[in-house]
Amino acid sequence: MASVKVKFRPSTVTDVSGTLYYNVYHRGQKSIHSTAYRLYAEEWNAATSTIELSSAEPQRVEYLQRVAAAMEDDLHR
């Protein structure tokens, strides 16, 4: 059985969004799978590995909701 952890890699450039990626552990081996999901550091909760929907812009909140749903679908698979 595989184990999957969602991680966030922040950008090294200030005020630029970082990337979500998956660490997949299967049969003692680890593989890293990058995604196209882009978040800012304040939108990611590292303690719970979840997306924070606290953005004030409605378009950004909508995008974060779509990313959270897509992430749940990915983890379900």
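Cα-Cα pairs above 15 Å in the chain: how many percent?
Working: 1684 of 2926 pairs.
Counting pairs separated by more than 15 Å, the tail of P(r) holds 58 percent.
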Accessible-area order (highest first, 1.4 angstrom probe) of the listed residues S31, S17: S31, S17
About the Cα centre, charge dipole magnitude for the chain (Lys/Arg +1, Asp/Glu -1 at Cβ), debye: 520
0 to 90° range, to nearest 10: angle between helix 58-76 axis and the chain longest Cα axis: 10
With every protein chain in place, the chain: carbon and sulfur % of accessible area (1.4 Å): 51
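Rounded to the nearest 500, what is the chain's calculated 222 nm mean residue ellipticity when only DSSP H runs of at least 4 contribute -39500 (n - 2.57) each, over all residues? If you can, show how the numbers build up before the last one.
Numbers: 1 runs with 19 residues, N = 77.
The helix contribution divided over the chain gives -8500 deg cm²/dmol.
Highest first, please rank the peptides 64-75, 2-13 by the mean number of other Cβ atoms sitting within 10 Å of their residues.
Final packing ranking: 64-75, 2-13.
Given Cα pairs under 8 Å that are at least 6 residues apart, what percent is the relative contact order of the stretch 1-65? Write out the running numbers ahead of the final one.
On the way: 101 pairs, mean separation 15.9, N = 65.
Once divided by the residue count of the stretch 1-65, the mean separation gives 24 percent.
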With DNA, RNA and ligands ignored, accessible area of T50 (1.4 Å probe; Å², nearest 10): 60
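The values are calculated or read from the model by the stated rules, or taken from the named source; none is laboratory data. These numbers were taken from a predicted model, which means no experiment stands behind them. Methodologically, a virtual Cβ is constructed for each residue, glycine included, from the backbone with ideal geometry; neighbour enumeration extends over all protein chains shown. Just so you know, the surface numbers come from the protein's heavy atoms only, side chains and all, with ligands and any DNA or RNA stripped out. Shrake-Rupley method; radii C 1.70, N 1.55, O 1.52, S 1.80 Å.
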